[in-house]
Every structure is written in structure tokens, then in C-alpha cells.
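> Quick one: this structure, given as C-alpha cells, is what I'll be asking you about.
The values are calculated or read from the model by the stated rules, or taken from the named source; none is laboratory data. Remember, predicted model here, so these are calculated numbers, not experimental data. Neighbour counts run over all protein chains shown; Cβ positions are idealised from the backbone, glycine included.
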Number of protein chains: 2
Amino acid sequence: MKDFIFNVNTKILFGRDQMKNLASEIKKYGSRVLLAYGGGSIKRSGLYDEVVKIFEDNDIFYKELAGIEPNPRVDSAREGVKIVRENDLDFILAVGGGSVIDLSKLVAGAVYLDCDPWDIVIKKAKIEKALPIGTILTLAATGSEMDAGGVITNLETNQKLGFGSAYTLPKFSIMNPETTYSVNVKHTAAGIADIMSHTMENYFTLGDGAYMQNRLAEGILKTCIHYGPIAMEEAENYEARANIMWASSWAINGLLSTGKSTGWSVHAMEHELSAYYDITHGIGLAILTPRFLNHILNEETVDMIRDFGINVFNMAVTDDKMKDAKKAIGYLHAFFEQDMCIPMTLGEVGIDDEKLEVMAEAATRHAGGTIKGVVELTKDDVLEIYKASL
Amino acid sequence: MKDFIFNVNTKILFGRDQMKNLASEIKKYGSRVLLAYGGGSIKRSGLYDEVVKIFEDNDIFYKELAGIEPNPRVDSAREGVKIVRENDLDFILAVGGGSVIDLSKLVAGAVYLDCDPWDIVIKKAKIEKALPIGTILTLAATGSEMDAGGVITNLETNQKLGFGSAYTLPKFSIMNPETTYSVNVKHTAAGIADIMSHTMENYFTLGDGAYMQNRLAEGILKTCIHYGPIAMEEAENYEARANIMWASSWAINGLLSTGKSTGWSVHAMEHELSAYYDITHGIGLAILTPRFLNHILNEETVDMIRDFGINVFNMAVTDDKMKDAKKAIGYLHAFFEQDMCIPMTLGEVGIDDEKLEVMAEAATRHAGGTIKGVVELTKDDVLEIYKASL
């Protein structure tokens, strides 16, 4: 196990009855709030009205940053910074899913820097200080409610890139599973695929002796596999929504990667799909992951993938390890396709072979030449994985 | 899943090379340190000299509170408070295992109260503020390095009781698995039994729908079962010591109990053993746990205990659930006895039937009449469990 530092300070307020704590949590940090949200679903659900009433009842001044996109764009961050500065705001409340929270993190850091927010994403500038952020989560997927990072899209440059800073870890997150009842089956499935992908990015490593972390990862995967189909069938099953929501935080808050070197290979490949096409992140991850595992399957990785099948899918084993590992990958594919009803080819989500080469080049370039995960991927490897996903 | 708040702010610095961060971590909070430690093992190992040199090199003033007992006594807390006040100290560094850390927490809170430290333990006084605490952990067991509670013994009153306050959560903990190389087999086994007991106290609950938490608990139990025997055989196996050490924190820092009602029944019973006899806490827990599970085994709990056998011990199952559940308990007993070489009867640790009645009465009285865990235990239940453990 490698040396590590684990420091996750986000206070989680979980359950049906936590909004009563919103005002007091905010007031620990500020009283002039940027209220950030997305496309209006929080207005339909009544959550927006609830938040605004709490603000009014507690003399909390606020300005809105509305319309943050599903793949949040740097333009929204520019707008957010402007609103914060013009109104002397001192806190950001992000109400929504990962996109809203990610974008809020970029605003929080950019406010204190004399540069374009995109400079932070492309590492030309570094966050040294940030506005405090709180979140009210409405979608179980990205884990942004309890981690320090975000992913931002720049449509002008066709880039979708991650950034992170310890300063942008949310101070608190209110997580009410009921807010996810209205998430439709497609986005429920995409969210679960996202959670599972985060877990697997942390899980599939070699030789680090992080046994406990891998057993915990398997626990999170089993949770997704157990409750995914239930949430698809019964949108208002509290137990399913609660387990999935809590799993979303632990898949990516850093615990599973403690003591490990992780490469996040599938994310590196998927970000190019989302940068060039308007596809849902979790769907892209689900499509790529089994092809990625097939591609990296070799004598060195066979036990790792076979153990995944045994420990996560209770797979019966044979003496043929390679066959077993392929079977494990098949189970994962089948879970996404059959249980989660995810379209499992790029063709089905409108991606043909036109830009595969460009995207493979970009994916490896953004990773510094090759993607350095459990198995190093060159541009040709990525291209093969894309082609196998068509 | 019940509503919950999860808020664990301790910064963990884990691994071989973290002492370089000690001075800077302390200086975030203070510069006049109470250095708390136990019986001198940190002097033999060289850790004491290392800490003192860091203090001297960084102009950190310190006074010592030495000789904290394995079951830490309230007298030491009184002494600690006196030293802090006389020297105007502003930080406590606890170097040792759970006893040293637990005692330090009591000192940290008592310093700000105009009462005897024992009043905090018996809930006559409440911690409203505390000195910041840092820890250097040298024993994987209690999890005190990443939780807010402690257990203190009062020999005058034959009481061993827990207390807790969010204010006494350590600010940081340095965890170097190498510091546990010198822990002998008996205390290695006791530590693992302690970690497993914490996990099981959180795990054995009914009907709360905390599926993810239970899968994580199983992961921690599997980690103990996998590495326990290795650490017993090879004291300097880094991977084993590291996994066990990291497991110790997660068994009890609150994650496993999120969304659950937990009763900590076995701890309530064991604390009386330690209060009346000089026995090692983890050994007492190991002896009592299988008898406790046998005692509560009924139609309502049978699936819970059987699942434990299946998911933790990969137990093959039959159509006879009751028989399977008993087999699961047998595996746990055998693991403690055979793999961990723990004496599995009270007789072997010097406890006869003389005080069983008194202890059973005390255990239930301290719990408010009955012990309210997964199955409610009366004084007679506790007495039966003690007798079955003889």
C-alpha cells in the first residue's frame, strides 16, 4: 500500500428531513449566496421554492446562476464569477447533480484568480483559495457532492477536462434520496453506470496490496447491482435510491483509491466522446468499460478481472482463468444492457467511425501521450477500444 | 435507511514517510503541546526520540503526560488537565494506541470545564469545546484515531464507561503500519478482535435497509480474516499491518453505522469484564461475541447471522437455516481460537463465576436497565451469555 493522505471534510446531511439544517449550515460560512442550478427540474419538483423560502425566512441574500448544462460549460463559470463579483457573494449553494456542483467548484476557485476560468482547467492557473460551497444533491452519479474535483466542457475547443482542488471540496452536502425519485430510467441507469465506473477505475489496479479498499469497492459494486434494477422498476423505492445515493459518494471521495495508483483510463476515453458528441457521460462509460477490460485482458490482468467476477457477480469458476475473466466481463456487459437497459454500442448513441481517430488522439494527448492506467494505452489502443464499441 | 449526519474531519496521514508532516500539522493549531503516551514502548521503539527531535527542531514547547494505562484511568486525565493548565498548553499529541488517544480526548474536553473529568464520562458535564488533538497511532485496534469517542476506567467505582464529543475528534492522525511491527501476537490478535467487534456491532442490525454499509462491513471483516493470520506469523509484513491498521479506522469512524440503529451489546457486556478484571478488551470481545450470537439466534435473526457466514466466510449453505447460522458462529469462534490463538473462555483469562451476577447487573444498569441492541438483553440474558463464556 502506498503512502497517502485522506482528508474528506464534507459534512453529509442525509435523509428525508435535513433541509431544516440548510440555513444554519450556510450561515457558518456566509450570508450572500450564489444559488446555482440547472435546467429547471428543481422548479418542477418544488425544491427551488423550498430553498428560496428558507433564504427569505433566514435573511439570506441570493443571486441565481441558472441553466447550468448537463455537461457544464466554461461559459457558465464565467457568468458565475461575474455574478459573484458584482454582488459581493460569499457562498455558493449548488442545487442539482454533478454538473451543477462541478461548475460551482470552478466558479468558487476562479473568483479569487485574475484569469479566465478555463485557465484553471488547463492548469495555466491554480486555485489557492475558494468560496465555500454547499450542495443539495438531486442525482446520484458523479460523487461531486463529496469530492474535490469537477469536469468542465469547452465547446470552442472541443475539450472536456477534469480539474480539482482541495479548496473546492463542499463544506456540506444535503442528500435526500427522495429528490432522485423524479430521475427517469435513462438517467438512473446512467448514474449507476457512473458510480460503478468510478468504483472500477479505483478497483482495477495491480500489485498495490490495497486489499481492504478492493473489498469495499466490491461492496459498492454489489450495492449498485442489487439496487440498480429495483430503482429502474420502482422510481420511488426509498431504500434503493438511498443506497445508490450513498454509494455515489463513496465510489469517488478518495477512500477506494487510498494507497493505490489509479489511472482512470475509461474516463479519459469517455471524456472525448462527450466533448465531441452530446452523449450522457454514464452511458459512454458503460459502453466503453467492457471493451476496455477485454482489451487489457492478458496473463497479468487475468486474475484481477476473474476475481471481479467471483467477488462481485458470485461467478462460478473453472480451471480456465482466461475464459472465466471473459465471462466476468460478459456479466458486466449483460448487467448494463439487460438490467440497466443501456444502449451498449456507440452506434446506438449516434457515434459512428468518423471522429474515432481524432478522439483517440485527443484522449492520449490530454493524458500526456499515453493513458497510464492499469495497462498503458497508446492512441492505437484507444482507437481499438473505440472501434470495438461501435 | 434512517436519516443521519456523517462528518469525519480527521486528516489521515498514512504510510512510512509521514512524520515529516508532524510539525506543520501541529502548527496549524498550536505550539505548546501536551505529549501523551503510555508505558514506554515508544521509548524502546525510538518513536519518542523522533517526536522530541521534531519538537526541538521546530520550536514546539512540550510537557509530558506519561504512563497512561492500557485501560486508561480517570486519574491520568486529572493529571493531564493539571499539566495543561499549569503550562498553558494549546494542543495534545497522543502517541500510542487507543488508550492514550481516549485519555487525551477526555483531557482535551475537561480542560475547559470546571468539574472533575469523571463528570464528563458519567454525563454530569458536557464537552462544549476542546483542545485540538493529533495522534500518532502505534496499535491497530480501537479506531480512536478517527472517531470522537473514548472509554475511561474508574477503579474506585469499578466503572469502565464510554464518552464522546464531536469536539474531540482528532484533527489529524499519523498512521505508519511499521509502528505496529513490535506489537506482540497477543495484542495483534486482541486488536484484530477489537476491529472485528466494532464492525460486527455495526453490522448486526435488522430491517434498516443499510445494504451498502453491510457490504462494506463484510469487506472489513474479510480484511481482518485475511490478514490476521499473516500478521500473527510475520510481524513485519507491511501489507498485512497496513490493511489491518486502515481497517481499524473504518470499523468505527461512523461510516458503517450510517443510517442504522446500533446497540453495541457486546461492548456493553465486555466493559464490565474489564472494569472488574484486568483483561484485554479485545480478548473479552472475542470470547463474548460467539456466545452473544448464539444467545440471540432465533427465527428473526437467523437470516442475518446466516448471511454473515455466507458473505464473510464463504460458507456453503443448506436448507436448514438455523444449522447454517450456528455454523457461521462456529466459524467465527474457530477463527478467533485457531487463527488468532485467543483463549476463548473466561476461565482461561482468570474470570470465574464469582462476579458474573454483579457484572450482569452493572452492564444492564449502565445501559439504562436493558441493553438495547439488535435483540434487547436483560440482566438474565447477560448472565446467561457470561455463563456460556466460562
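> Tally up the residues in the range B:67-99 that are under 17 Å from B:G134 (Cα atoms), in contact with a Phe, Trp or Tyr (Cβ under 6 Å, 6 or more places away or on another chain) and of a type in the set (A, V, I, L, M), please.
Going through the range B:67-99, the residues under 17 Å from B:G134 (Cα atoms) turn out to be B:68, B:77, B:80-81, B:84, B:89-99.
Filter once more, so that each one left must be in contact with a Phe, Trp or Tyr (Cβ under 6 Å, 6 or more places away or on another chain): B:91, B:95-96.
Filter again for of a type in the set (A, V, I, L, M), leaving B:95.
Going through the range B:67-99 one residue at a time, the tally reaches 1.
> Shifting gears a bit: The conditions are (1) within 14 Å of another protein chain (Cβ to nearest Cβ); (2) in contact with a Lys or Arg (Cβ under 6 Å, 6 or more places away or on another chain), and A:N87 fails exactly one of them. Which is it?
All conditions are met except number (1).
> Out of A:V302, A:V375, report the one residue that is in the same structural domain as A:V266 (by TED's automatic domain parsing) and in contact (Cβ under 8 Å) with a residue 60 or more places away in the chain.
That would be A:V375, the only listed residue that is in the same structural domain as A:V266 (by TED's automatic domain parsing) and in contact (Cβ under 8 Å) with a residue 60 or more places away in the chain.
> Next question, about the same structure. Take the residues of the range B:334-349 that are among the hydrophobic types (A, V, I, L, M, F, W, C) and in a helix (DSSP H, G or I): which is surrounded by the most Cβ atoms within 10 Å (Cβ to Cβ)?
In this case the residue turns out to be B:F336.
> Under 20 Å from the mean Cα position of the chain (by Cα) and assigned to a helix (DSSP H, G or I): does that describe A:A363?
For A:A363, the condition - under 20 Å from the mean Cα position of the chain (by Cα) and assigned to a helix (DSSP H, G or I) - is met.
> Is it true that A:I192 is β-branched (V, I, T), in a helix (DSSP H, G or I) and surrounded by 24 or more Cβ atoms within 10 Å (Cβ to Cβ)?
Yes, satisfied.
> When the residues of the range A:202-228 are filtered to those that are among the small types (G, A, S) and in contact (Cβ under 8 Å) with a residue 12 or more places away in the chain, which remaining residue is farthest from the other protein chains (Cβ to nearest Cβ)?
Filtering first and then ranking leaves A:G228.
> Still on this structure, please answer the following. Considering only residues that are among the polar types (S, T, N, Q) and either within 14 Å of another protein chain (Cβ to nearest Cβ) or surrounded by fewer than 23 Cβ atoms within 10 Å (Cβ to Cβ) (or both), which ones fall in the range A:249-283?
Result: A:S249, A:N253, A:S257, A:T258, A:S261, A:T262, A:S274, A:T280.
> Same structure again: State whether one or more residues within the range B:224-243 are buried (at least 18 other Cβ atoms within 10 Å of the Cβ), among the basic types (K, R) and not in a helix (DSSP H, G or I).
Within the range B:224-243 (the criterion being buried (at least 18 other Cβ atoms within 10 Å of the Cβ), among the basic types (K, R) and not in a helix (DSSP H, G or I)), the answer is no, since none of the residues qualifies.
Let's see how each residue does on (1) touching a helix residue (DSSP H, G or I) at 6+ places or on another chain (Cβ under 6 Å); (2) at pLDDT 95 or above:
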| position | (1), (2) |
| --- | --- |
| A:A140 | yes, yes |
| A:T153 | no, no |
| A:K160 | yes, no |
| A:V183 | no, yes |
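> Does the range A:227-241 include one or more residues that are in contact with a Gly (Cβ under 7 Å, 6 or more places away or on another chain) and of a type in the set (S, T, N, Q)?
Going residue by residue through the range A:227-241, those that are in contact with a Gly (Cβ under 7 Å, 6 or more places away or on another chain) are A:239.
Still in the running and of a type in the set (S, T, N, Q): none.
No, that holds for no residue.
Yes or no, residue by residue, for (1) at pLDDT below 95; (2) surrounded by fewer than 13 Cβ atoms within 10 Å (Cβ to Cβ); (3) small (G, A, S); (4) over 24 Å from the mean Cα position of the chain (by Cα):
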residue	(1), (2), (3), (4)
A:G15	no, no, yes, no
A:Q18	no, no, no, no
A:S24	no, yes, yes, yes
A:S31	no, no, yes, yes
A:E50	no, no, no, yes
A:K53	no, yes, no, yes
A:E56	no, yes, no, yes
A:K63	no, no, no, yes
A:A66	no, no, yes, no
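> Across the range A:313-333, what is the number of residues that are surrounded by fewer than 14 Cβ atoms within 10 Å (Cβ to Cβ) and either within 19 Å of A:L390 (Cβ to Cβ) or of a type outside the set (A, V, I, L, M, F, W, C) (or both)?
5
> Looking only at helices (runs of 4 or more DSSP H) that fall completely inside the range B:1-57, which ones have 3 or more residues that are within 14 Å of another protein chain (Cβ to nearest Cβ)?
B:22-27
> For A:A125, state whether it is part of a helix (DSSP H, G or I) and in the same structural domain as A:D17 (by TED's automatic domain parsing).
no
> Restricting the first residue to the range B:12-23 and requiring it to be small (G, A, S), which pairs with a second residue that is part of a loop (DSSP other than H, G, I, E, B) meet a Cβ separation below 6 Å and a spacing of at least six or different chains?
B:G15/A:D3; B:A23/B:N58
> If you don't mind, there's one more thing I want to ask. In this structure, does A:I60 turn out to be under 20 Å from A:T153 (Cβ atoms), among the β-branched types (V, I, T) and in contact with a Ser or Thr (Cβ under 9 Å, 6 or more places away or on another chain)?
When the stated conditions are applied, A:I60 does not pass them.
> May I pose another question? Considering only the range B:213-228, I want to know if a residue exists there that is among the β-branched types (V, I, T) and either under 23 Å from B:G15 (Cβ atoms) or in contact with a strand residue (DSSP E or B) (Cβ under 8 Å, 6 or more places away or on another chain) (or both). Before you say what the answer is, go through the steps one by one.
Step one: filter the range B:213-228 for residues among the β-branched types (V, I, T), giving B:220, B:223, B:225.
From the residues that got through so far, the ones that are either under 23 Å from B:G15 (Cβ atoms) or in contact with a strand residue (DSSP E or B) (Cβ under 8 Å, 6 or more places away or on another chain) (or both) too are B:220, B:223.
Yes, the range B:213-228 contains a residue that is among the β-branched types (V, I, T) and either under 23 Å from B:G15 (Cβ atoms) or in contact with a strand residue (DSSP E or B) (Cβ under 8 Å, 6 or more places away or on another chain) (or both).
> Which condition from (1) more than 10 Å from every other protein chain (Cβ to nearest Cβ); (2) buried (at least 24 other Cβ atoms within 10 Å of the Cβ); (3) touching a residue at least 60 places away in the same chain (Cβ under 8 Å) is the one that B:H198 breaks?
(3)
> Oh, and also: Got at least one residue in the range B:110-121 being under 30 Å from B:R44 (Cα atoms), modelled with pLDDT of 95 or more, of a type outside the set (F, W, Y) and in a loop (DSSP other than H, G, I, E, B)?
no
> Against the definition (of a type in the set (S, T, Y), assigned to a strand (DSSP E or B) and away from chain B (no Cβ under 14 Å)), how does A:Y62 come out, yes or no? First the steps, then the outcome.
Values: of a type in the set (S, T, Y): yes; assigned to a strand (DSSP E or B): yes; away from chain B (no Cβ under 14 Å): yes.
Yes; evaluated as a whole, the condition is true for this residue.
> For the range A:335-356, what are the residues that are within 14 Å of A:T289 (Cα to Cα) and not charged (D, E, K, R)? Full working, then the answer.
Going residue by residue through the range A:335-356, those that are within 14 Å of A:T289 (Cα to Cα) are A:335-337, A:342-346.
Scanning the range A:335-356 gives A:F335, A:F336, A:I342, A:P343, A:M344, A:T345, A:L346.
> While we're looking at this one, here's another question. Applying the selection to the range B:244-256, what residues are out of contact with any Phe, Trp or Tyr (no Cβ under 8 Å at 6 or more places or on another chain) and not in a helix (DSSP H, G or I)?
B:N253, the sole residue that qualifies.
So that you can scan it fast, the table gives a plain yes or no per residue for (1) assigned by TED's automatic domain parsing to the domain that holds B:G15; (2) at pLDDT 95 or above; (3) farther than 20 Å from B:Y181 by Cα:
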{"position": "B:Y238", "(1), (2), (3)": "no, yes, no"}
{"position": "B:L256", "(1), (2), (3)": "no, yes, yes"}
{"position": "B:E270", "(1), (2), (3)": "no, yes, yes"}
{"position": "B:Y276", "(1), (2), (3)": "no, no, yes"}
{"position": "B:L285", "(1), (2), (3)": "no, yes, yes"}
{"position": "B:L288", "(1), (2), (3)": "no, yes, yes"}
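> Please state which one of B:A242, B:A235 is over 15 Å from the mean Cα position of the chain (by Cα) and within 9 Å of another protein chain (Cβ to nearest Cβ).
On inspection, the qualifying residue turns out to be B:A242.
> Let me ask another. Which members of the range A:373-390 meet the condition of being charged (D, E, K, R) and over 12 Å from A:I296 (Cβ atoms)? Explain how you work it out, then say what you get.
If we filter the range A:373-390 for residues that are charged (D, E, K, R), which is where we start, we get A:376, A:379-381, A:384, A:387.
A:K379, A:D380, A:K387 - these are the residues of the range A:373-390 that are charged (D, E, K, R) and over 12 Å from A:I296 (Cβ atoms).
> Which residues, taken from the range B:308-324, are in contact (Cβ under 8 Å) with a residue 24 or more places away in the chain and within 24 Å of A:I310 (Cβ to Cβ)?
Our first condition is that a residue be in contact (Cβ under 8 Å) with a residue 24 or more places away in the chain; within the range B:308-324, this holds for B:308, B:311-313, B:322.
The answer is B:F308, B:N311, B:V312, B:F313.
> Checking A:D352 against (1) among the charged types (D, E, K, R); (2) out of contact with any helix residue (DSSP H, G or I) (no Cβ under 6 Å at 6 or more places or on another chain); (3) not in a loop (DSSP other than H, G, I, E, B), which single condition isn't satisfied?
(3)
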